Amino acid sequence: MRSLFVRIFVTIWLAAAVVAVAFAWIQIASIPRRVFTERRTQILTEVMKLGGESAAERASRGREADAELERLGRVVESNLYLFDGRARPVAPSDPPADARAIAREVVESGRDVRRDDETNRHIGLLLRTEGPEGRYAIVGRRPPHVSPWERFFSADTLPLRVLVIVLVAGLVSFPLARYLTKPIQHIRAAAQRVAAGDLSVRVQPQVGRRHDEVGMLAQDFDRMAERLGALVSAQGQLLRDVSHELRSPLARLSVGLELARKSAGPDAKAGLDRMEREVERLNTLIGEVLAISRLESRETIEREEIDLGSLVEEIVRDADFEAQSSNRSVALVKTSPARMRGDEEILRRAIENVVRNAVRFTEEKTRVEVTMAKTENGKGPIIRIAVRDRGPGVPEDALENIFEPFYRVGTARDRKTGGTGVGLAITDRAVRAHGGHVAAKNVSGGGLEVTLELPA
Amino acid sequence: MADPRILVIDDDAELADLLATLLTGEGFVVETANDGKDGLGRARAGGYALVVLDVMLPEMNGFEVLRRLRETSRVPVLMLTARGEDVDRIVGLEMGADDYLPKPFNARELVARIRAIQRRASETGPEPKSREEIAVGDLTIVPASRSAKRAGEELPLTSVEFTLLEVLVRSAGSVVSREDLSEKVLGRKFSPFDRSIDVHVSNLRKKLGPLSDGTERIKTVRSIGYQYSAG
């Protein structure tokens, strides 16, 4: 019973059921308790005498008396049985054994009998009639008092009653529980999307214009998401503006450097070369920062049909070409034809970054292995591209962080290998923009495997 | 021969001036324009050996300038694309630029690329004076005049497209690797992940149209390069 919906539903349902039972009990308990007072016995005796005589008379004329006895019995809340002078049943024709015994006693003793056992009170009366039969005996059996509870639970209508209570209580509590928990589910789903980085979600359209606490929560949630979105985009905009503005001076710097090279003597060459390298590094960095902030600020991506199979093939071919110069290699060890809709340039960059990253880290004389396969992930068909290197891997606790911009596993090593620290972050954003997912894991036997999953 | 004239279209006046100084030192005559409209007007007037065109221009951007320029002129264009905007580089080539360089660029690289385009544009085939014609199927190319005809109809090829076609047609029936194409057509060593050749091939295919049997004239040979169909 962990779900709030279930809790509310069951609580209200139980409460409604208890209320229903309580009302029923009050209703039953308010019926006055029947007791065997002397006065009631007296009335019963009188009714039996008069009714019995009338019934006996009918019987003696050969008419049927069952119906009359039954009617009378209902009036005095007793069962009435008529016997003849030799204690043989007259009406109804099959009295119970206890009534027969009383009748015999009455007939034999010629006196009225009154007997109580643990459940019933029996009264047996000797009747004399004008008719040919002469004597008759009537026996009245008064059933015991039944407690309201006993009557409530033992009655043959109990299953029906329980069913009605269950249904009505359920009908009341289900919509109520739903009404209370539905907006909370909406807000939760929205919160999950915010956590996943989608700051454009708003819950008000789903929750509706409610003026209660839940409605206010929805309103506050939307305001929070909006503010968060504004802050994040302002920050992204700042980064973008700064990088953008840096491009112009860098372009001028590069030209100025070349001019300086022409007029400077040979002594300046080493220094100028160094400056050129640093300018180049800045150029690359700014390009990547702009690329990632563009990906992050992008609302939608252009989608066209892409032949992912040949895209991966091209990337592997180029990466292998590049890797050969450093005595490493890249191979597509398994592939399958796959097409998807997306932005080819962005995906090319995403896959390229992973492969080139693997080439940077794989040991010399080893091979980076790329596999591509179509498979399922529970949500539908996906294309899985895995890139496995033979490098040092990444500490387990850093596996998720490597997709963050500028995250460095080991400061010194990364500098040496020449990464900007943005490549995998670009991959992550690009793949997510396509509704996919990126993950990294250390493979037994050494090396890192980065997996890209894209919806097919 | 007079020094070749280069037009630099960039809204960053300081950069344009620096480039003018640099390129003048390399033996070019440089003119600068600081907005797209002015640049387009001057480029259209003709007389330039090459146009260096920045993508990010106020009002009329570089793509628009290129598109309008290509309506009337086939002057070689080197695009300066915005680094970080990955799509730009492809778009520029698709629209008929001869080459591109992401900005900020390495100035030495820029000079090298300008020289490569220049060299190619002034090339008049191995025997300059010859009236050599190469014909494959319904296609005829004349290296001396850098013109190509398909079924007698002149094809509007840019300088880089012509060179690419020439290289492919000269080896019609055999595969030319991307490395070779890069060196012969773009005048630079092949660098992996550079797809300039592929984009130029794709543009060329569009202009050439398919063969009469509906197949491409230029076939892609996976992992190697391209091949002009011999048949």
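Observations on the model:
- Placing R0 at 30 angstrom, the Cβ-Cβ distance between B:Asn61 and B:Ala144 gives a FRET efficiency of 0.25 after rounding to 0.05.
- Delta accessible area of at least 10 Å² on complex formation, residues of the stretch B:53-92, 1.4 Å probe, chain isolated as reference: B:Met56, B:Arg83, B:Gly84, B:Glu85, B:Asp86, B:Val87, B:Arg89, B:Ile90
- Rounded to 5, percent antiparallel among DSSP beta bridges of the protein assembly as shown: 75 percent
- Paramagnetic reach from B:Glu153 (point 7 Å along Cα→Cβ, amide N under 13 Å) across the stretch B:202-231: B:207-212
- Overall shape of the stretch A:189-289 was characterised from the C-alpha gyration tensor. The equivalent ellipsoid obtained from it has semi-axes of 54, 11, 7 Å, in decreasing order.
- Cα-projected label distance for A:Ile28 with B:Arg70, points at 7 Å along beta-carbon direction, nm: 9.1 nm
- Our compactness index for the stretch B:26-154, the C-alpha radius of gyration over the empirical 2.2 N^0.38 Å, is 1.17.
- For the stretch A:276-360, convex hull of alpha carbons as volume per residue, Å³: 104 Å³
- Per residue of B:11-19, other chain Cβ atoms within 10 Å of the residue Cβ number 4 on average.
- Listed residues A:Pro95, A:Ala270, A:Val166: farthest to the positive end of the dipole of the protein assembly as shown (Cβ charges): A:Pro95
- Buried area at the A:B interface is about 3200 square angstrom, summed over both chains, from accessible surfaces computed with a 1.4 angstrom probe.
- Percent of beta bridges antiparallel (DSSP, the stretch A:302-414, rounded to nearest 5): 70 percent
- Helix B:196-208 vs. chain B, principal-axis angle (Cα, 0 to 90°, nearest 10): 60 degrees
- Computed over the stretch B:1-43, relative contact order equals 48 percent, with contacts defined as Cα pairs under 8 Å that lie 6+ residues apart.
- Rounded percent of accessible protein surface that carbon and sulfur make up, the protein assembly as shown, 1.4 Å probe: 54 percent
- Only the Cβ atoms of Lys and Arg (+1) and of Asp and Glu (-1) were treated as charged; on that basis the dipole of the protein assembly as shown about its Cα centre amounts to roughly 1880 debye.
- Taking all protein chains together and rolling a 1.4 Å probe, B:Ser223 ends up with roughly 70 Å² accessible.
- Report note on the peptides A:441-447, A:248-254: ranked by the mean count of other C-beta atoms within 10 Å, highest first, their order is A:248-254, A:441-447.
- Peptide B:194-200 has a mean shielding of 1, counted as Cβ atoms of other protein chains within 10 Å of each residue's Cβ.
- Here each label is just a point 7 Å from Cα along the line to Cβ, and for A:Tyr407 and A:Leu259 those points are 4.4 nm apart.
- Annotation for A:Leu176 and A:Glu226: the two label points, set 7 Å from Cα along the Cα-Cβ direction, are 3.5 nm apart.
- Segment B:Ala2-B:Glu14, length gained on full extension (0.36 nm per residue, minus Cα span): 1.7 nm
- Principal semi-axes of the equivalent ellipsoid, √(5λ) from the alpha carbon gyration tensor of the protein assembly as shown, are 103, 28, 24 Å from largest down.
- Averaged over B:201-214, number of beta-carbon atoms from partner chains that fall within 10 Å: 0
- Whichever lysines have a C-alpha closer than 16 Å to that of A:Lys374, once near sequence neighbours (fewer than 8 apart) are set aside: A:Lys334
- Binned Cα-Cα distance frequencies in the stretch B:183-231 - 10 Å width, integer %: 22, 54, 21, 3
- Expected 222 nm ellipticity per residue - DSSP helices of 4 or more, -39500 (n - 2.57), all of chain A, to 500: -19000 deg cm²/dmol
- Among the listed pairs A:Lys441/B:Lys219; B:Lys184/B:Lys206; B:Lys37/B:Lys149; A:Lys365/B:Lys103; A:Lys269/A:Lys365; B:Lys189/B:Lys219, those beyond 31 Å (Cα-Cα): A:Lys441/B:Lys219; B:Lys37/B:Lys149; A:Lys365/B:Lys103; A:Lys269/A:Lys365
- Only Lys, Arg (+1) and Asp, Glu (-1) charged, at Cβ; the stretch B:47-90 dipole about Cα centre in debye: 220 debye
The values are calculated or read from the model by the stated rules, or taken from the named source; none is laboratory data. Every value quoted in this text rests on a predicted model; they were computed, and no experiment measured them. Reconstructed Cβ throughout: ideal geometry from the backbone, glycine too, with neighbour counts over all protein chains shown. We work out accessible area using only protein heavy atoms, side chains counted, and drop any ligands, DNA or RNA first. Shrake-Rupley method; radii C 1.70, N 1.55, O 1.52, S 1.80 Å.
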